[in-house]
Amino acid sequence: MPEEMKPIVYILRGDDQEAIKSHFKSLYSKLGEPDMAEMNTSRLEGKSADLNDFR
């Protein structure tokens with residue numbers, strides 16, 4: 001897969017939920033229109049996500 005086609009994965013962990021929410025808000029604001037941002041992102045919960053969720 002060409003370098004420009006590889007997906008970007010952000011892993012956010014920790015107990016500071018406000019900081020995580022703030023980081024998500026910042027990321028989404030850089031993706032353009034909210035509807036388009038939602039279509040181009042996936043949000044997974046670490047407790048229930050498995051390797052197949054990343055494929």
* Asked: In the stretch 6-13, is there at least one residue being surrounded by fewer than 10 Cβ atoms within 10 Å (Cβ to Cβ), among the aliphatic types (A, V, I, L, M) and over 15 Å from the mean Cα position of the chain (by Cα)?
  -> no
* Residue selected from the stretch 15-38 under the condition outside any helix (DSSP H, G or I) and at pLDDT 90 or above, by the criterion surrounded by the fewest Cβ atoms within 10 Å (Cβ to Cβ) -> 15
* Asked: Out of (1) assigned to a loop (DSSP other than H, G, I, E, B); (2) surrounded by 10 or more Cβ atoms within 10 Å (Cβ to Cβ); (3) at pLDDT below 80, what's the single condition that is false for residue 41?
  -> (3)
* Asked: Condition test on residue 29, is it of a type outside the set (A, V, I, L, M, F, W, C) and under 13 Å from the mean Cα position of the chain (by Cα)?
  -> yes
* Just checking, how many residues over the stretch 44-55 are assigned to a loop (DSSP other than H, G, I, E, B) and exposed (fewer than 11 other Cβ atoms within 10 Å of the Cβ)? -> 6
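The values are calculated or read from the model by the stated rules, or taken from the named source; none is laboratory data. On a predicted model such as this, the values are computed, not experimentally measured, just so you know. Positions of Cβ are backbone-derived with ideal geometry, glycine not excepted, and every protein chain shown enters the neighbour counts.
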